[in-house]
1. Using alpha-carbon pairs under 8 Å, 6+ residues apart, how would you state the relative contact order of the range 46-201 in percent?
2. What FRET efficiency do you get for Val61 and Arg82 if R0 is 35 Å and r is their Cβ-Cβ distance, rounded to the nearest 0.05?
3. Compute the distance in nm between two label points, each set 7 Å from the Cα along the Cα-to-Cβ direction, one at Ser171 and one at Tyr133.
4. In whole percent, what relative contact order does the range 145-239 give with Cα contacts below 8 Å and a gap of six or more residues?
5. Whole percent per 5 Å bin, from 0 to the bin with the longest distance: what is P(r) over all C-alpha pairs of the chain?
6. Hey, what's the per residue convex hull volume over the C-alpha atoms of the range 87-215, in cubic angstrom?
7. Run the numbers for Ser51 and Gln193: contour at 0.36 nm per residue of separation, minus the present Cα-Cα distance, in nm.
8. With a 1.4 Å probe and all protein chains kept in place, how much accessible area does Trp210 have, in Å² rounded to the nearest 10?
Amino acid sequence: MQQAASRNIGPIVLLGSPGAGKGTQAKRIAVRYGIPQISTGDLLRDNVQRSTELGALAKDVMARGELVSDNLVCDMVRDRLRQPDCVRGFILDGFPRTPAQAGWLDAFLDREFFENSRAGDNPPIVILIDVDYNQLLSRLTGRRTCPTCGRIYNVHLQPPRVAETCDLDGSRLVTREDDSDAVIRERLTAYEQQTRPVAEYYRRTGRLVWVDGSMPVDQVTEHVFQEIERHGVITADGG
Ligand code: AP5
(Lines give C-alpha, C1' and ligand atoms only; values in the text may rest on other atoms or scores of the structure.)
Protein backbone atom coordinates (compact mmCIF):
# COMPACT_ATOMS: atom_id res chain seq x y z
CA MET A 1 0.00 0.00 0.00
CA GLN A 2 1.15 3.53 -0.85
CA GLN A 3 2.69 5.26 2.20
CA ALA A 4 0.95 8.55 2.96
CA ALA A 5 4.31 10.28 3.23
CA SER A 6 5.37 9.34 -0.32
CA ARG A 7 2.39 10.90 -2.06
CA ASN A 8 1.85 14.37 -3.48
CA ILE A 9 -0.87 16.18 -1.64
CA GLY A 10 -0.77 19.83 -2.79
CA PRO A 11 -1.65 22.86 -0.68
CA ILE A 12 -3.64 22.52 2.54
CA VAL A 13 -4.97 25.61 4.33
CA LEU A 14 -5.98 25.40 7.99
CA LEU A 15 -8.41 28.12 9.07
CA GLY A 16 -9.72 28.64 12.59
CA SER A 17 -9.72 31.10 15.43
CA PRO A 18 -6.80 31.52 17.83
CA GLY A 19 -6.68 28.34 19.94
CA ALA A 20 -8.79 26.26 17.54
CA GLY A 21 -5.97 23.72 17.22
CA LYS A 22 -4.44 24.67 13.86
CA GLY A 23 -0.86 24.23 15.06
CA THR A 24 -1.65 20.96 16.85
CA GLN A 25 -3.29 19.44 13.76
CA ALA A 26 -0.78 20.92 11.28
CA LYS A 27 2.07 19.07 13.02
CA ARG A 28 0.20 15.78 12.69
CA ILE A 29 -0.63 16.35 9.00
CA ALA A 30 3.03 17.21 8.39
CA VAL A 31 4.17 13.90 9.90
CA ARG A 32 1.56 11.81 8.08
CA TYR A 33 2.10 13.27 4.62
CA GLY A 34 5.72 14.38 4.88
CA ILE A 35 4.96 17.97 3.84
CA PRO A 36 6.05 21.10 5.75
CA GLN A 37 3.93 23.06 8.21
CA ILE A 38 4.17 26.75 7.40
CA SER A 39 2.96 28.71 10.41
CA THR A 40 3.02 32.45 9.78
CA GLY A 41 2.84 33.01 13.55
CA ASP A 42 5.96 30.86 14.09
CA LEU A 43 7.81 32.55 11.20
CA LEU A 44 6.98 36.00 12.59
CA ARG A 45 7.97 35.02 16.15
CA ASP A 46 11.26 33.69 14.80
CA ASN A 47 11.89 37.04 13.07
CA VAL A 48 11.09 38.90 16.29
CA GLN A 49 13.48 36.68 18.25
CA ARG A 50 16.28 37.18 15.72
CA SER A 51 15.61 40.97 15.63
CA THR A 52 15.33 41.05 11.83
CA GLU A 53 13.87 44.06 10.00
CA LEU A 54 10.59 42.17 9.62
CA GLY A 55 10.66 41.21 13.30
CA ALA A 56 11.09 44.86 14.31
CA LEU A 57 8.07 45.85 12.21
CA ALA A 58 5.91 42.97 13.51
CA LYS A 59 6.84 42.95 17.20
CA ASP A 60 4.52 45.61 18.65
CA VAL A 61 1.64 44.68 16.34
CA MET A 62 1.79 41.06 17.53
CA ALA A 63 2.10 42.11 21.17
CA ARG A 64 -1.19 44.01 20.78
CA GLY A 65 -2.91 41.00 19.18
CA GLU A 66 -3.45 42.81 15.87
CA LEU A 67 -2.61 41.52 12.40
CA VAL A 68 0.71 42.28 10.73
CA SER A 69 0.27 44.08 7.37
CA ASP A 70 -0.69 41.99 4.36
CA ASN A 71 2.34 43.08 2.33
CA LEU A 72 4.86 41.98 4.95
CA VAL A 73 3.18 38.63 5.55
CA CYS A 74 2.65 37.83 1.86
CA ASP A 75 6.33 38.56 1.06
CA MET A 76 7.36 36.27 3.91
CA VAL A 77 5.05 33.47 2.73
CA ARG A 78 6.21 33.83 -0.90
CA ASP A 79 9.84 33.34 0.18
CA ARG A 80 8.90 30.27 2.21
CA LEU A 81 6.75 28.67 -0.52
CA ARG A 82 9.64 29.00 -2.97
CA GLN A 83 11.70 26.56 -0.88
CA PRO A 84 12.11 23.12 -2.51
CA ASP A 85 10.49 21.22 0.40
CA CYS A 86 7.10 22.65 -0.64
CA VAL A 87 7.05 20.99 -4.07
CA ARG A 88 4.87 17.99 -3.00
CA GLY A 89 2.56 20.20 -0.97
CA PHE A 90 2.48 22.22 2.25
CA ILE A 91 0.22 23.13 5.15
CA LEU A 92 -0.54 26.80 5.74
CA ASP A 93 -1.30 27.39 9.43
CA GLY A 94 -2.48 30.94 10.17
CA PHE A 95 -2.48 32.13 6.54
CA PRO A 96 -4.45 33.50 4.75
CA ARG A 97 -5.99 35.66 7.46
CA THR A 98 -7.58 38.43 5.39
CA PRO A 99 -9.45 38.34 2.07
CA ALA A 100 -6.50 40.21 0.52
CA GLN A 101 -4.12 37.42 1.65
CA ALA A 102 -6.51 34.79 0.24
CA GLY A 103 -6.58 36.57 -3.12
CA TRP A 104 -2.80 36.89 -3.07
CA LEU A 105 -2.42 33.14 -2.38
CA ASP A 106 -4.67 32.15 -5.29
CA ALA A 107 -2.72 34.43 -7.62
CA PHE A 108 0.65 33.11 -6.36
CA LEU A 109 -0.41 29.49 -6.82
CA ASP A 110 -1.61 30.16 -10.38
CA ARG A 111 1.28 32.38 -11.38
CA GLU A 112 4.17 30.48 -9.90
CA PHE A 113 3.60 27.50 -7.63
CA PHE A 114 1.68 25.18 -9.95
CA GLU A 115 4.40 25.52 -12.61
CA ASN A 116 6.88 23.66 -10.42
CA SER A 117 4.61 21.59 -8.22
CA ARG A 118 4.68 17.80 -8.30
CA ALA A 119 1.08 17.77 -7.08
CA GLY A 120 -0.54 19.24 -10.21
CA ASP A 121 -2.60 22.41 -10.16
CA ASN A 122 -5.37 21.53 -7.77
CA PRO A 123 -6.66 24.34 -5.56
CA PRO A 124 -5.97 24.13 -1.83
CA ILE A 125 -8.01 21.95 0.51
CA VAL A 126 -9.28 24.51 3.01
CA ILE A 127 -10.19 23.08 6.42
CA LEU A 128 -11.99 25.28 8.93
CA ILE A 129 -11.43 23.99 12.49
CA ASP A 130 -14.36 25.34 14.45
CA VAL A 131 -14.42 25.67 18.27
CA ASP A 132 -16.79 27.37 20.71
CA TYR A 133 -15.59 30.75 22.06
CA ASN A 134 -15.54 29.70 25.74
CA GLN A 135 -13.35 26.67 25.03
CA LEU A 136 -10.89 28.90 23.18
CA LEU A 137 -10.17 30.97 26.27
CA SER A 138 -9.20 27.98 28.45
CA ARG A 139 -7.16 26.51 25.61
CA LEU A 140 -5.14 29.68 25.12
CA THR A 141 -4.57 30.55 28.78
CA GLY A 142 -3.45 26.95 29.44
CA ARG A 143 -1.18 26.57 26.40
CA ARG A 144 2.52 25.80 26.88
CA THR A 145 5.00 25.20 24.06
CA CYS A 146 8.35 23.45 23.91
CA PRO A 147 10.96 25.99 22.70
CA THR A 148 13.14 23.17 21.35
CA CYS A 149 10.81 20.86 19.37
CA GLY A 150 7.68 23.05 19.13
CA ARG A 151 5.35 20.47 20.67
CA ILE A 152 2.18 22.10 22.04
CA TYR A 153 0.71 21.23 25.46
CA ASN A 154 -2.13 22.49 27.64
CA VAL A 155 -1.91 22.53 31.43
CA HIS A 156 -5.66 21.78 31.70
CA LEU A 157 -6.37 19.62 28.66
CA GLN A 158 -3.11 18.05 27.47
CA PRO A 159 -0.58 18.33 30.29
CA PRO A 160 2.98 17.05 29.96
CA ARG A 161 3.91 14.01 32.11
CA VAL A 162 6.14 16.20 34.32
CA ALA A 163 4.84 19.73 35.04
CA GLU A 164 6.26 22.44 32.72
CA THR A 165 8.63 19.94 31.03
CA CYS A 166 8.53 18.63 27.45
CA ASP A 167 7.83 14.86 27.28
CA LEU A 168 10.04 14.51 24.21
CA ASP A 169 13.23 16.41 25.04
CA GLY A 170 12.95 17.58 28.66
CA SER A 171 13.04 21.31 27.79
CA ARG A 172 11.32 23.76 30.12
CA LEU A 173 7.99 24.75 28.52
CA VAL A 174 7.21 28.40 27.73
CA THR A 175 4.04 30.51 27.61
CA ARG A 176 3.54 32.64 24.51
CA GLU A 177 3.65 36.38 25.21
CA ASP A 178 0.35 36.97 23.40
CA ASP A 179 -1.49 34.39 25.54
CA SER A 180 -2.46 36.96 28.19
CA ASP A 181 -6.19 37.66 28.78
CA ALA A 182 -6.17 41.16 27.25
CA VAL A 183 -4.23 40.16 24.12
CA ILE A 184 -6.27 36.97 23.62
CA ARG A 185 -9.42 39.13 23.46
CA GLU A 186 -7.82 41.37 20.81
CA ARG A 187 -6.77 38.33 18.78
CA LEU A 188 -10.27 36.88 18.91
CA THR A 189 -11.70 40.23 17.80
CA ALA A 190 -9.21 40.41 14.91
CA TYR A 191 -10.31 36.91 13.92
CA GLU A 192 -14.01 37.78 13.91
CA GLN A 193 -13.53 41.00 11.97
CA GLN A 194 -10.75 40.17 9.53
CA THR A 195 -10.44 36.40 9.20
CA ARG A 196 -14.06 35.14 9.26
CA PRO A 197 -14.58 36.68 5.79
CA VAL A 198 -11.77 34.43 4.52
CA ALA A 199 -13.88 31.35 5.35
CA GLU A 200 -16.73 32.94 3.38
CA TYR A 201 -14.32 33.56 0.45
CA TYR A 202 -13.53 29.84 0.28
CA ARG A 203 -17.11 28.73 1.01
CA ARG A 204 -18.34 30.68 -2.03
CA THR A 205 -15.92 28.80 -4.27
CA GLY A 206 -16.95 25.42 -2.80
CA ARG A 207 -13.52 24.78 -1.31
CA LEU A 208 -14.34 24.99 2.40
CA VAL A 209 -14.43 21.85 4.55
CA TRP A 210 -15.74 22.16 8.12
CA VAL A 211 -14.35 20.12 11.02
CA ASP A 212 -15.63 20.17 14.61
CA GLY A 213 -12.52 21.20 16.58
CA SER A 214 -14.14 20.88 20.01
CA MET A 215 -13.62 17.10 20.13
CA PRO A 216 -10.54 15.48 21.70
CA VAL A 217 -7.35 16.01 19.69
CA ASP A 218 -7.16 12.46 18.27
CA GLN A 219 -10.75 12.60 17.02
CA VAL A 220 -10.16 15.95 15.36
CA THR A 221 -7.07 14.48 13.67
CA GLU A 222 -9.07 11.50 12.42
CA HIS A 223 -11.65 13.82 10.83
CA VAL A 224 -8.98 16.07 9.34
CA PHE A 225 -7.26 13.05 7.71
CA GLN A 226 -10.62 11.79 6.41
CA GLU A 227 -11.34 15.15 4.81
CA ILE A 228 -7.90 15.35 3.23
CA GLU A 229 -8.32 11.87 1.75
CA ARG A 230 -11.84 12.69 0.56
CA HIS A 231 -11.24 16.15 -0.93
CA GLY A 232 -7.57 16.12 -1.81
CA VAL A 233 -6.21 15.00 -5.14
CA ILE A 234 -3.40 12.81 -3.92
CA THR A 235 -0.97 11.34 -6.41
CA ALA A 236 1.93 8.90 -6.09
CA ASP A 237 5.31 10.59 -5.87
CA GLY A 238 7.32 9.40 -8.84
CA GLY A 239 10.16 11.89 -8.47
P1 AP5 B 1 -0.56 32.62 15.33
O2 AP5 B 1 0.70 32.09 15.90
O3 AP5 B 1 -1.01 32.13 14.01
O4 AP5 B 1 -1.68 32.44 16.43
P5 AP5 B 1 -3.26 32.17 16.32
O6 AP5 B 1 -3.90 32.17 15.00
O7 AP5 B 1 -3.79 33.14 17.30
O8 AP5 B 1 -3.40 30.71 16.62
P9 AP5 B 1 -2.80 29.96 17.83
O10 AP5 B 1 -1.39 29.55 17.51
O11 AP5 B 1 -3.02 30.77 19.07
O12 AP5 B 1 -3.79 28.73 17.95
P13 AP5 B 1 -3.86 27.35 17.17
O14 AP5 B 1 -5.14 27.31 16.39
O15 AP5 B 1 -2.61 27.04 16.43
O16 AP5 B 1 -4.03 26.38 18.41
P17 AP5 B 1 -3.01 25.33 19.07
O18 AP5 B 1 -2.87 24.13 18.20
O19 AP5 B 1 -1.77 26.02 19.54
O20 AP5 B 1 -0.47 34.23 15.20
C21 AP5 B 1 0.08 35.02 16.22
C22 AP5 B 1 0.14 36.48 15.75
O23 AP5 B 1 0.99 36.59 14.58
C24 AP5 B 1 -1.19 37.09 15.29
O25 AP5 B 1 -1.94 37.59 16.38
C26 AP5 B 1 -0.71 38.18 14.32
O27 AP5 B 1 -0.27 39.32 15.00
C28 AP5 B 1 0.47 37.52 13.64
N29 AP5 B 1 0.11 36.81 12.41
C30 AP5 B 1 0.23 35.47 12.19
N31 AP5 B 1 -0.20 35.15 10.96
C32 AP5 B 1 -0.58 36.32 10.38
C33 AP5 B 1 -1.16 36.64 9.10
N34 AP5 B 1 -1.38 35.67 8.18
N35 AP5 B 1 -1.45 37.91 8.86
C36 AP5 B 1 -1.23 38.89 9.75
N37 AP5 B 1 -0.71 38.66 10.99
C38 AP5 B 1 -0.38 37.38 11.28
O39 AP5 B 1 -3.89 24.90 20.35
C40 AP5 B 1 -4.19 25.82 21.36
C41 AP5 B 1 -4.26 25.08 22.73
O42 AP5 B 1 -5.37 24.19 22.71
C43 AP5 B 1 -3.04 24.23 23.04
O44 AP5 B 1 -2.76 24.31 24.40
C45 AP5 B 1 -3.46 22.80 22.64
O46 AP5 B 1 -2.80 21.82 23.42
C47 AP5 B 1 -4.95 22.84 22.93
N48 AP5 B 1 -5.75 22.02 22.00
C49 AP5 B 1 -5.64 21.95 20.65
N50 AP5 B 1 -6.58 21.12 20.14
C51 AP5 B 1 -7.30 20.67 21.20
C52 AP5 B 1 -8.42 19.78 21.32
N53 AP5 B 1 -8.98 19.21 20.25
N54 AP5 B 1 -8.90 19.54 22.55
C55 AP5 B 1 -8.34 20.12 23.66
N56 AP5 B 1 -7.28 20.95 23.60
C57 AP5 B 1 -6.76 21.24 22.38
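The values are calculated or read from the model by the stated rules, or taken from the named source; none is laboratory data. Bear in mind the structure is a predicted one, so any value in this text is a computation, not a measurement. Neighbour counts run over all protein chains shown; Cβ positions are idealised from the backbone, glycine included. Ligands, DNA and RNA are stripped out before the accessible areas are found, and what is left, the full protein with its side chains, is counted by its heavy atoms. Shrake-Rupley method; radii C 1.70, N 1.55, O 1.52, S 1.80 Å.
1. 26 percent
2. Values: r = 25 Å, r/R0 = 0.70.
The pair Val61/Arg82 has a calculated efficiency of 0.90.
3. The modelled label-to-label distance comes out at 3.5 nm.
4. The value is 15 percent.
5. 1, 6, 13, 18, 20, 18, 13, 7, 2, 0
6. Working: hull volume 18.1 nm³, N = 129.
That works out to 140 Å³ per residue.
7. Here the segment from Ser51 to Gln193 would lengthen by 48.2 nm.
8. 140 Å²
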